[in-house]
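The values are calculated or read from the model by the stated rules, or taken from the named source; none is laboratory data. Everything quoted here is computed from the prediction, not taken from an experiment. Backbone-built Cβ (ideal geometry, glycine too); neighbour counts: all protein chains shown. Side chains are part of the model used for accessible areas, which takes the heavy atoms of the whole protein and leaves out ligands, DNA and RNA. Shrake-Rupley method; radii C 1.70, N 1.55, O 1.52, S 1.80 Å.
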Amino acid sequence: MGQELYEAGVVASVSAFSDAFEANPDSVLIRPGTRTMLEEMSAKDAVALLVKNQLVDLQVTIPEGYTVQQVVDRAVQVTGLPAEDFEAALDDPAAIGLPKQAKGNAEGWLYPDTYMAKPDATAEGLLTQMIDRTERMLREKSVPPRDWQKVLTKASLVEREGLHPEDKPKIARAIENRLQDDMALQIDASVAYGAGKPGTELTTADLANGKNRYNTYEHTGLPPGPIASPGVVAVDAVLNPATGSWKFWVTVNLKTGETKFAESYDEHQQYVAELREWEKANQ
């Protein structure tokens with residue numbers, strides 16, 4: 001604590017803080033959390049303020065497309081709660097209100113939003129809020145409970161594949177068209193999720209690995225479950241996909257996220273060549 005306060009300019013030295021800490025019998029009552037402190041305080045006053053445990057609410061912002069692990073990492077970073085607390089809560093689906101449709105896996109169910117973490121916040125409480133928000137959203141959109149997991153799975157694919165909101169309904173339609181024709185989805189984001197690596201690091205061996213249940217090159221149909229937490233735009237895209245016959249899409253500019261859609265494989269290959277040219281010019 002002394003080092004942190006010294007580096008923040010609150011106390012003049014670590015040793016002064018340590019002496020004041022030892023001299024205050026209530027210092028053992030100091031709780032972890034975020035506080036508002038003044039610069040250039042006396043070490044004695046700094047310890048006295050810490051002892052009051054006047055913690056401030058923290059904002060935990062979860063972006064669209066985060067995985068469970070990324071959500072946990074962000075929450076731990078902001079709140080200071082132990083990662084073990086989140087892992088224990090995730091291991092008890094009933095305690096955090098995870099619907100049975102999720103089959104014990106919270107992936108896709110942690111609603112992306114900003115949550116206020118009060119001083120007494122717990123990992124279980126935060127996760128419960130996120131899951132409640134997802135369930136409420138699905139109910140508000142009149143999604144039948146039997147379809148919750150399927151909608152979240154499709155929406156998570158759309159979320160990770162589409163950068164721009166206007167592209168998401170077209171990606172949702174292309175996914176539906178492929179499913180209807182019993183075509184492999186061939187979605188790199190899903191393969192990468194199952195392989196536990198970034199999509200940019202996928203290898204030919206990864207794409208051919210049939211043991212990866214999320215490998216949508218080797219397995220037709222949807223992956224076993226969501227690969228991330230989708231936002232409301234992605235969910236709306238799945239519930240109201242665009243009208244079209246596209247079966248292929250590719251991002252031709254990895255910087256701007258420009259994505260092109262095709263109905264035929266030959267047309268798609270032209271766009272893939274465009275991507276390769278962009279990659280060559282932007283090594």
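List of remarks:
- Principal-axis analysis of the Cα atoms of the chain puts helix 168-180 at an angle of about 50° to the longest axis.
- Normalised by the number of residues in the chain, the mean separation of alpha-carbon contacts (under 8 Å, six or more apart) gives a relative contact order of 16 percent.
- Spacing of the two label points (7 Å from each Cα toward its C-beta) at residue 100 and residue 205, in nm: 4.2
- Equivalent-ellipsoid semi-axes of the chain, from the Cα gyration tensor, Å, largest first: 46, 23, 16
- When each of the peptides 100-107, 202-209 is scored by how many other beta carbons lie within 10 Å of its residues on average, the order from highest to lowest is 100-107, 202-209.
- A 1.4 Å probe run over the protein chains yields, for segment 1-77, 61 Å² of accessible area per residue, whole-number rounding.
- Solvent-free Debye scattering, log10 I(q)/I(0), computed from the Cα coordinates of segment 18-95 at q = 0.11, 0.17 Å⁻¹: -0.45, -0.79
- Order by protection proxy (mean Cβ within 10 Å, highest first), peptides 51-58, 173-180: 173-180, 51-58
- Cα gyration tensor, segment 180-283 - rounded (a/c under 1.5), prolate or oblate: rounded
- Comparing 245, 229, 27 in a Gaussian network model of the chain (Cα springs below 10 Å), the most mobile by mean-square fluctuation is 27.
- Using a probe of 1.4 angstrom and keeping all protein chains present, the accessible surface of segment 179-283 works out to 56 square angstrom per residue.
- Ligands, DNA and RNA left out, the 1.4 Å accessible surface of the chain is 47% carbon and sulfur atoms.
- Per-peptide packing, taken as the mean over residues of other Cβ atoms within 10 Å, places 90-97, 220-227, 247-254 in the sequence 220-227, 247-254, 90-97 from highest down.
- Reciprocal of mean inverse Cα separation for segment 55-206 (Kirkwood radius, Å): 16.8
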